[in-house]
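Asker: Right, I'll just put the structure down here and ask away after.
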């Protein structure tokens, strides 16, 4: 469904919750393995990048006990390898104590993967800010 969305709809800046299904999987012992979905994820990422769009990374995964943000670090790494630069950050915060949840941990992860910037938007134009 995500692939269809990004192929036909172009009026967005950033695709959020790319791997949201991992967070809500009924099997709490499920371990996401990038290689199981690599072909599909790569096509999604390439489509997003070619369309000049970005992805959101958020710390909700930390908050919900996954041990990593959403999307998974393997997806983030591949996004960067494919040339993806537009990356917004969020916390999926729906209450004050969850705003900017674990952002220092996210900064550390992103820089370890090779990201140097995150993105904000002004009038739908990306502005890059150093991590």
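Asker: Go through the range 39-70 residue by residue and tally those that are closer than 18 Å to residue 3 by Cβ and in contact with a helix residue (DSSP H, G or I) (Cβ under 8 Å, 6 or more places away or on another chain). Can you show your working first?
Answerer: Here is the first cut: in the range 39-70, the ones closer than 18 Å to residue 3 by Cβ are 39-56, 70.
Retained after the next criterion (residues that are in contact with a helix residue (DSSP H, G or I) (Cβ under 8 Å, 6 or more places away or on another chain)): 40-45, 47-49, 51, 53-55, 70.
Residues flagged as closer than 18 Å to residue 3 by Cβ and in contact with a helix residue (DSSP H, G or I) (Cβ under 8 Å, 6 or more places away or on another chain) within the range 39-70 amount to 14.
Asker: If you don't mind, another one. For the condition surrounded by fewer than 17 Cβ atoms within 10 Å (Cβ to Cβ) and either closer than 19 Å to residue 128 by Cβ or in contact (Cβ under 8 Å) with a residue 12 or more places away in the chain (or both), what is the one hit in 76, 3?
Answerer: Numbers: 76 fails: surrounded by fewer than 17 Cβ atoms within 10 Å (Cβ to Cβ).
Within the list 76, 3, the selection yields 3.
Asker: So in the range 73-91, with the set limited to residues that are in a loop (DSSP other than H, G, I, E, B) and under 18 Å from residue 121 (Cβ atoms), which one is modelled with the lowest pLDDT?
Answerer: From the range 73-91, those in a loop (DSSP other than H, G, I, E, B) are 82-86, 91; that's our starting set.
Retained after the next criterion (residues that are under 18 Å from residue 121 (Cβ atoms)): 84-86, 91.
Values: 84: 98, 85: 96, 86: 98, 91: 92.
Ranking the qualifying residues of the range 73-91, first place goes to 91.
Asker: Taking into account only those residues within the range 15-64 that are part of a loop (DSSP other than H, G, I, E, B) and modelled with pLDDT of 95 or more, which is nearest to residue 97 (Cα to Cα)? Working first, answer last.
Answerer: In the first step, residues of the range 15-64 are kept if they are part of a loop (DSSP other than H, G, I, E, B); the result is 16-19, 24-33, 37, 51-53, 59, 64.
Then drop every residue that is not modelled with pLDDT of 95 or more, which leaves 51-53.
Values: 51: 35, 52: 33, 53: 30 Å.
My answer is 53.
Asker: Moving on to the next point. Here is a list: 104, 126, 71. Which entry is surrounded by 16 or more Cβ atoms within 10 Å (Cβ to Cβ) and without any contact (Cβ under 8 Å) to a residue 60 or more places away in the chain? Break it down into steps so the answer makes sense when it comes.
Answerer: Values: 104 fails: surrounded by 16 or more Cβ atoms within 10 Å (Cβ to Cβ); 126 fails: without any contact (Cβ under 8 Å) to a residue 60 or more places away in the chain.
The unique qualifying residue is 71.
Asker: Identify, from the list 109, 131, the residue that is touching a strand residue (DSSP E or B) at 6+ places or on another chain (Cβ under 8 Å), over 25 Å from residue 5 (Cβ atoms) and either surrounded by fewer than 17 Cβ atoms within 10 Å (Cβ to Cβ) or modelled with pLDDT of 95 or more (or both). Step through it out loud before you land on a result.
Answerer: Working: 109 fails: touching a strand residue (DSSP E or B) at 6+ places or on another chain (Cβ under 8 Å).
Testing whether each residue is touching a strand residue (DSSP E or B) at 6+ places or on another chain (Cβ under 8 Å), over 25 Å from residue 5 (Cβ atoms) and either surrounded by fewer than 17 Cβ atoms within 10 Å (Cβ to Cβ) or modelled with pLDDT of 95 or more (or both) leaves just 131.
The values are calculated or read from the model by the stated rules, or taken from the named source; none is laboratory data. What you see is a predicted model; the values in this text were computed from it and never measured. Every residue, glycine among them, receives a Cβ derived from its backbone with ideal geometry; neighbour counts consider all protein chains shown.
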